[in-house]
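Okay, so here's the structure we're looking at.
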């Protein structure tokens, strides 16, 4: 199974190439850069082998997308149609979600949250928390039976830093990084410490409350572009997995193929 898996977020687009189900590469780039995105998609698709039966060199692969930003999903669709003469398979539309969700409106939950949760559960095979640190931070719970139970959504580092700048008279915009000390000796460092430690403390408190619901502490996996920044200060986190959504896209498509074969 050869897949180009595309995770369209609010800020970045990640493009993963899998040949025979094995990861070859994952590249993350700004979603607003059409030329760069176009070049990346074309380069990934050209690595897919051609079908032996195709005299036109049609490639033996699929392009599968998870998106939380419709405008960028349409951009990817247009690039794929114009440059590759292919169609995209969208998680939640063309490809079913790989996990059931016990929430008020399952169709309103971002597909990225559910497929990341499914990818984590496929490895843990038990109750698991997935915290995804992107433009927004989502901290989601899957129960021991593999059912998505919901979670929390809060602002990520960039949004929080921008909000402080925009809503105060003198606070500067900062880029959050791992602090050298627990408190700042200047305004910029004070903001950095505040944003950095508050998200770690908030995550630990949220997971503790999940644990009270479950009756035990669940395994916890963190992912997302900002997860690498905080991972070394989170002793309660079991694993840091970059690009968990990309892995979830591949899992979702695999499950879809298995279901199709069972019904034939």
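Of the residues contained in segment 31-42, one or more are found to be surrounded by 18 or more Cβ atoms within 10 Å (Cβ to Cβ), under 17 Å from the mean Cα position of the chain (by Cα) and at negative phi. Within segment 137-146, being part of a loop (DSSP other than H, G, I, E, B) and surrounded by 17 or more Cβ atoms within 10 Å (Cβ to Cβ) holds for 143, 146.
Filtering segment 154-176 to residues that are surrounded by 12 or more Cβ atoms within 10 Å (Cβ to Cβ) and either closer than 30 Å to residue 120 by Cα or outside the structural domain of residue 136 (by TED's automatic domain parsing) (or both) leaves 154, 155, 156, 157, 158, 159, 160, 161, 176. The residue of segment 26-43 that is nearest to residue 79 (Cα to Cα), among those that are out of contact with any helix residue (DSSP H, G or I) (no Cβ under 9 Å at 6 or more places or on another chain) and not in a helix (DSSP H, G or I), is 33. Among residues that are surrounded by 19 or more Cβ atoms within 10 Å (Cβ to Cβ) and either farther than 28 Å from residue 215 by Cα or touching a helix residue (DSSP H, G or I) at 6+ places or on another chain (Cβ under 7 Å) (or both), residue 65 is included. Checked against the criterion of being within 18 Å of residue 252 (Cα to Cα) and surrounded by fewer than 14 Cβ atoms within 10 Å (Cβ to Cβ), the candidates 107, 52, 94 yield just one match: 107. Of the residues making up segment 11-20, those that are under 22 Å from residue 251 (Cα atoms), in contact with a strand residue (DSSP E or B) (Cβ under 8 Å, 6 or more places away or on another chain) and either free of Cβ contacts under 8 Å to residues at least 60 places away in the same chain or outside any strand (DSSP E or B) (or both) number 2.
Every test in (1) in contact with a strand residue (DSSP E or B) (Cβ under 9 Å, 6 or more places away or on another chain); (2) farther than 18 Å from residue 237 by Cα; (3) modelled with pLDDT of 95 or more is passed by residue 161 save one, and that test is (1).
The values are calculated or read from the model by the stated rules, or taken from the named source; none is laboratory data. Keep in mind it's a predicted model, so treat the numbers as computed, not measured. Note that we place each Cβ from the backbone using ideal geometry, even for glycine, and neighbour counts take in every protein chain shown.
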